[in-house]
Structure formats: structure tokens, C-alpha cells
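*Asks:* Quick one: the structure is below, and I'll ask about it shortly.
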Amino acid sequence: MPTITNTRDDTRFLCEPGDTVLRAALRAGIGMPYSCNTGSCGNCRFDLVEGEVSHLRDDPPGLSEKDRAKNRWLGCQAVPGGDCQVKFRTMDQYVPPVTPARRGAELQSVEPITRDISEFAFRVDGAGAFSPGQYALLTVPGVEGARAYSMSNLAGDTWRFMIKRAPGGAATGWLFDAAPGATLEIDGPFGTAFLREDSDRDIVLLAGGSGLSPMVSIALGAVAAGLHDNRKIHLFYGCRETADLCTPDVLGPAQGKVGFTAALSDPEDGADWEGPTGFLHDVVRDQMGEALKDCDLYFAGPAVMSAAVQQMAHEAGMPMDRLFFDEFY
Ligand code: FES
């Protein structure tokens, strides 16, 4: 099994066959910076000092030509060919709250949430812990590369995921065609946008599309921890048309304890809709007003929504350390 040495602080960790440098570091409790785990964000770059690695994805968007010229690689994509010396900065905020592990999983049920989002329940081998808001990497049989999906429930022997069908997507095609009993591998948990129970601020959850999944998990976790007794918690859900809507039922046992607002960005002609319309970040800004900057803001959704929310939060005067999100798109 290859040994990876981080020459920046002389720490060493083992990398299981086929594992990536990032996942091996996190399994060893090392705070290697990352976000998407799928080669997009570039947060996990490291310098290769000695040895050989290869990337899972041929041309990951998180790595620039300049990075390649400097012999930089992506931790989430790099699989070592033997012992390696690498160099990267570690940060405490990336030390995993729960050690990620690979597990077999069996599909138990599929429940439709909207016209193209369903909730998939998988029974995992060995009860697995995760923090509300985290995600896992699902390796679907016959589909190259793992996909990142956030859990929608609380930790236990069943992990649920609200997943949106991607038109022409191989992984979601398999999932939406799968019958109970189908099996795959789940690796996780990962992600840093998990519920911070020790804060005393009100909580605003902002979900676009299948970003609903981690926001529901956080709402459930907050209520299970009794945070709703002395903190306001509100979930804003944004989608395009009425067929994309979900109801507050999606909150399960958190319903009634967590506020819920849905907004449509582009309702169809003649839509029977009296709720807010417009982009979700505008709706949240207008409805929260001055109170927003004193809240903890968790959000998940498409890249364009994430960028708009960050801009809105910045303009609202929110300090960055009150924003919690993972960049996996
Ligand atoms: Fe590796 Fe995003 S590119 S974590």
C-alpha cells in the first residue's frame, strides 16, 4: 500500500489501492482542503515532489494549464502509483468530523418528491455516521467515476438522498431505473457544510433544486438537537415552475418546527401560484431584510445560484464564517 508523505509538515499516511490522495488523507484524519471531491473546484491541489500519480478524470476542470506546468495535481483525482512525496497545506476546518469509509449499500425504496427529484433510501453495510448536511460519493455499477450526492436524513443504517434526474446522465439514469435490491458502493461522509450546533444564531437554509437534500438533513438535525426551541430556522426552496414544487411535508418530523417558503423563478403561463416569484437569493434578501446578516446561512444548489447567494450575502454584510456550502456541481 503506497505511503504518502506531506513534505510540508512531514506527516505520512497510507493510501489503499485505488484510493485518491484526498480520500486517503481524510481517512487518516488529515485536514486536506477540498470541497467537491469530483475534480471541479480545484481546492484540493497539491504539489507532487516525488513519485508518480495519475488522475481518475482525464481533464478535470479544477486544474489549469499553469498548475500542470508546475506539477500540481488534484488530491480528489490523484491515485498514487507507489510511495509519493507531496506538498499541501492542512487546515483544521477540513479535518473530517466523521471518518469517511467505503460501504456496500442496497436500494430499499424510491419516493418521488417533484417531477424530476426522487428520494432514494439505501441500507448501508454497518451503521454509518454523518453530520447533517454532508454528502457521499456513489459509485454506480457500469458508470465510470463516482458522483457526489448529499444525504437528506439523519445518520443510521439507512442513508437517503434526494437526487435530480440529469437529462442523459448515466448515473442518474441507472438510479431512476433501479429497483429495490439494487446495490452500489457508497463512500463517505464528506463535506464541510454541516450543521454547527454550537452557534446561537438563527438558521436560514437555502435550497435550489436537489440542493434540497442537505438542507432537509440540516433541518432534521437542528430539530433533533432542539435548536428550534431558541433559534428560528427557515427553509427557502427555489425552483422554476409549479411542477418542480415540493410541500413542507418534505421536512418530515421537522415540519411545523422549521419555517418553509417555496419560490418560483419562472412560473409557467397561467400558473396557479400566489407565492413569491423571482430568483431565490432575491426572495431571501427581501423576506429576511436586516435580520439576515445575523443568521447562519446554509445553501446548496446549482453553481449559478451558489454564486448569486454568496454575492447577496456579501452585500447584506454577512461575515464569510456564517456561510456554509460545498462546491460540488
Ligand atoms: Fe478536488 Fe474539488 S477539485 S475537491
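*Asks:* Out of segment 107-148, which trypsin sites (Lys or Arg not before Pro) are coil in DSSP terms and have no more than 16 other C-beta atoms within 10 Å?
*Replies:* ARG115
*Asks:* A further question follows. Once the Cβ-Cβ distance between ALA179 and VAL49 is put in as r, and R0 is 35 Å, what FRET efficiency do you end up with, to the nearest 0.05?
*Replies:* 0.15
*Asks:* Could you calculate, for segment 32-97, the ratio of the Cα radius of gyration to the Kirkwood radius, expressed as Rg to Rh?
*Replies:* Expressed as Rg/Rh, it is 0.94.
*Asks:* Which shape class applies to segment 121-231: rounded if a/c is under 1.5, otherwise prolate when a/b exceeds b/c and oblate if not, where a ≥ b ≥ c are the square roots of the Cα gyration tensor eigenvalues?
*Replies:* Note, shape of segment 121-231 comes out prolate.
*Asks:* Efficiency by 1/(1 + (r/R0)^6): what FRET value for ALA69 and ALA307, r their Cβ-Cβ distance, R0 = 35 Å, to the nearest 0.05?
*Replies:* 0.80
*Asks:* While we're here: Heavy atoms of the protein only, probe of 1.4 Å, neighbouring chains included. What is the accessible area of TYR237 in Å², nearest 10?
*Replies:* For TYR237, solvent-accessible area is about 0 Å².
*Asks:* Provide the solvent-accessible area of HIS228, counting protein heavy atoms only and rolling a 1.4 Å probe, rounded to the nearest 10 Å².
*Replies:* For HIS228, the solvent-accessible surface is approximately 50 Å².
*Asks:* Okay, next question. Calculated FRET efficiency, THR139 and LYS257, Cβ-Cβ r, R0 35 Å, to nearest 0.05?
*Replies:* Efficiency, rounded to the nearest 0.05: 0.50.
*Asks:* Would you kindly state how much longer the chain becomes between LYS293 and ALA271 on full extension, computed as 0.36 nm times their sequence separation minus their alpha carbon distance, in nm to one decimal?
*Replies:* Here the segment from LYS293 to ALA271 would lengthen by 4.6 nm.
*Asks:* May I pose another question? With a/c under 1.5 counting as rounded, go ahead and sort segment 182-329 into rounded, prolate or oblate using the C-alpha gyration tensor (a ≥ b ≥ c being the square roots of the eigenvalues; past the cut-off, prolate if a/b is larger than b/c, else oblate).
*Replies:* Rounded, since a/c falls under 1.5.
*Asks:* Given the C-alpha atoms of the chain, compute the convex hull and give its volume per residue in Å³.
*Replies:* 144
*Asks:* Check the chain and count each lysine pair with an alpha-carbon distance under 30 angstrom, considering only pairs eight or more places apart or from different chains.
*Replies:* 7
*Asks:* Grab the Cα-Cα distance for GLU106 and ASP282, subtract it from 0.36 nm times how many residues apart they are, and report the gain in nm with one decimal.
*Replies:* Taking GLU106 through ASP282 to full extension adds about 59.4 nm, to one decimal.
*Asks:* In whole Å, largest first, what are the principal axis extents of the Cα atoms in segment 173-259?
*Replies:* 43, 34, 21 Å, listed from the longest principal axis down.
*Asks:* At 15 angstrom or more along the helix axis (alpha-carbon based) and mean Kyte-Doolittle of 0.0 or higher, what helices does the chain contain? Whole DSSP H runs only.
*Replies:* Qualifying helices: 212-224, 303-315.
*Asks:* Additional query: Which distance in nm do the two modelled labels at ASP157 and ALA129 give, with both placed 7 Å along the Cα-to-Cβ direction?
*Replies:* Placing both labels 7 Å along Cα→Cβ, they lie 1.8 nm apart.
*Asks:* I'd like the accessible area for MET320, computed on protein heavy atoms only with a 1.4 Å probe and all protein chains in place. Round to 10 Å², please.
*Replies:* Accessible area, nearest 10 Å²: 120 Å².
*Asks:* Could you quote the convex hull projected area for segment 21-167, Cα atoms only and averaged over all directions, in nm²?
*Replies:* 9.9
The values are calculated or read from the model by the stated rules, or taken from the named source; none is laboratory data. Please read all numbers here as calculations on a predicted model, not as lab measurements. Please note: Cβ atoms are built from the backbone with ideal geometry, for glycine as well, and neighbour counts cover all protein chains shown. These accessible areas exclude ligands, DNA and RNA; they are computed on the full protein's heavy atoms, side chains included. Shrake-Rupley method; radii C 1.70, N 1.55, O 1.52, S 1.80 Å.
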